Amino acid sequence: MKKNILIIGGGPAGLEAAASLKHSGNNIILIEKSHQLGGHLARWDRLFPDGIRAREVLDKMIASLDGVNYFTDTDIAQINILDRSYSVILSNGISVLADAVLMATGFDLFDARKKEEYGYGIYDQVITNADLEDWFRTREDSRIDHPKRIGFVHCVGSRDEKSGCRACSKVCCATAVKQACEIKAEFPDAQVYCFYMDLRMFGKHYEDLYLKAQKEYGIRFIRGRVSEVAEQIDKTLQVKAEDTLSSKPLKVTLDLLVLMSGIRPSQNLEPVRKALQLAKDDDGFINERDAVYELQKTSMPGLFVAGAVTGPKTLPDTLAEARAAALQILSYLADNDKKPAK
Ligand SMILES: Cc1cc2nc3c(=O)[nH]c(=O)nc-3n(C[C@H](O)[C@H](O)[C@H](O)COP(=O)(O)OP(=O)(O)OC[C@H]3O[C@@H](n4cnc5c(N)ncnc54)[C@H](O)[C@@H]3O)c2cc1C
Ligand code: SF4
């Protein structure tokens, strides 16, 4: 019998899971809270490590949604757990009796204004990684006007107990190195600095990107946390840091400072999480059933997770999780069919 599978979130995880499930003979319903599909991927320009265009990847994903019922501008109004299903009322008034639910609600970007010492929202010349992606995509941002000295600050709102997140956001070292190379290619006369605590370039070809940044683009990597940013009378920024390799304090004057805002749990998720009594980890992400073998399952039967809803993920990891979740949903539904009705 045809089953209803509800996917919450139309970002990469939700889209990939929907595409993987659409030929299963079930009714796939995907809802996206915002007015467009794609989640954060819709905001990025080129992807690390090899510079592929985010739009090309997203267009392919959206094209493969053929056969899936999807609704944008739609959220969960109410969700209740029944014996072997979930009774859901959507914000567009449609009711769904879902035999399985996939939560693919993703993440929020850390609000850089909370790190006041870096001056985001105070000084014009301080922007975030997402602002820079917007500029690469649209070329519309008057703050980026032929800068001659550009700095990138790693770990903004990540690995930082004071900001409420001890975890590493995983993607921002590679994003910083990618963006540093891109901006140097755009402004070849500029000096580009990366202020980092540790460089976490763990993925395939990431090390090549790091070597290219140093050898080909001459990016200067400074190991040290930025302690203070101040705007000077001529609108340049004075950045104070400590070079922890030489143990010397450092002052650099910059025309543009880019903050690598980290990955935080999505606030949109909270009402659903509370309604379903799902446990979260210390940083506020949803807890999987275990951290090794049952990554796509939650403590609730029939309720699955994929992508950044459980913590920072790269895109390939997100897509792999979405495909794994699709398989686990089908296996769960098949097992349920074999159980006698209560
Ligand atoms: C600055 C930056 C650059 C990055 N660049 C790269 C890169 O170059 N390469 C790479 O591999 N990875 C990159 N990533 C990581 C990549 O963005 C993530 O892996 C990916 O976006 C995770 O997809 P997701 O679907 O889990 O979450 P998201 O992209 O956050 O999508 C979740 C979707 O769910 C929706 N949603 C949330 N709550 C609800 C609700 N209650 N009801 C309905 N819909 C809801 C949201 O509106 C959103 O559309 C980058 C990340 C950052 C922060
Ligand atoms: S990936 Fe790099 S910049 Fe991002 S939190 Fe981890 S160490 Fe910091």
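Read through the list (1) modelled with pLDDT under 95; (2) in a helix (DSSP H, G or I), then give the number of the only condition that GLN277 fails.
Here GLN277 meets the rest and fails (2).
From ALA326, ALA308, which residue is more than 20 Å from the chain's Cα centre (by Cα), part of a helix (DSSP H, G or I) and either within 16 Å of ligand 2 (Cβ to nearest atom) or within 30 Å of GLY51 (Cα to Cα) (or both)?
ALA326
Do you know which of the residues in region 1-60 that are of a type in the set (Asp, Glu) and over 30 Å from GLU186 (Cα atoms) is farthest from ligand 2 (Cβ to nearest atom)?
So, considering only residues that are of a type in the set (Asp, Glu) and over 30 Å from GLU186 (Cα atoms), the one farthest from ligand 2 (Cβ to nearest atom) is GLU32.
Based on what the data block shows, is THR314 under 15 Å from the mean Cα position of the chain (by Cα), assigned by TED's automatic domain parsing to the domain that holds GLY38 and not basic (Lys, Arg)?
Here the answer is yes, as THR314 does meet what is asked.
Kindly indicate whether VAL171 is within 9 Å of ligand 2 (Cβ to nearest atom), out of contact with any Gly (no Cβ under 8 Å at 6 or more places or on another chain) and assigned by TED's automatic domain parsing to the domain that holds LYS248.
For VAL171, the condition - within 9 Å of ligand 2 (Cβ to nearest atom), out of contact with any Gly (no Cβ under 8 Å at 6 or more places or on another chain) and assigned by TED's automatic domain parsing to the domain that holds LYS248 - is met.
Please state which one of ILE263, ILE183 is within 12 Å of ligand 1 (Cβ to nearest atom) and closer than 19 Å to ILE127 by Cα.
ILE263
With respect to SER247, is the statement that it is within 11 Å of ligand 2 (Cβ to nearest atom) and either crowded, with 18+ Cβ neighbours inside 10 Å or farther than 17 Å from LYS115 by Cβ (or both) true?
The answer is no for SER247.
Suppose we filter region 224-265 for residues that are part of a loop (DSSP other than H, G, I, E, B) and within 24 Å of the chain's Cα centre (by Cα); how many remain?
2
I'm trying to understand the selection: among the residues of region 314-342, which are in contact with an Asp or Glu (Cβ under 7 Å, 6 or more places away or on another chain) and surrounded by 15 or more Cβ atoms within 10 Å (Cβ to Cβ)?
LEU319, ALA322, ARG323, LEU333
The values are calculated or read from the model by the stated rules, or taken from the named source; none is laboratory data. The shown structure was predicted, so the numbers you read here are calculated from the model rather than taken from an experiment. Don't worry about glycine lacking a Cβ; one is built from the backbone with ideal geometry, like all the others, and counts go over all protein chains shown.
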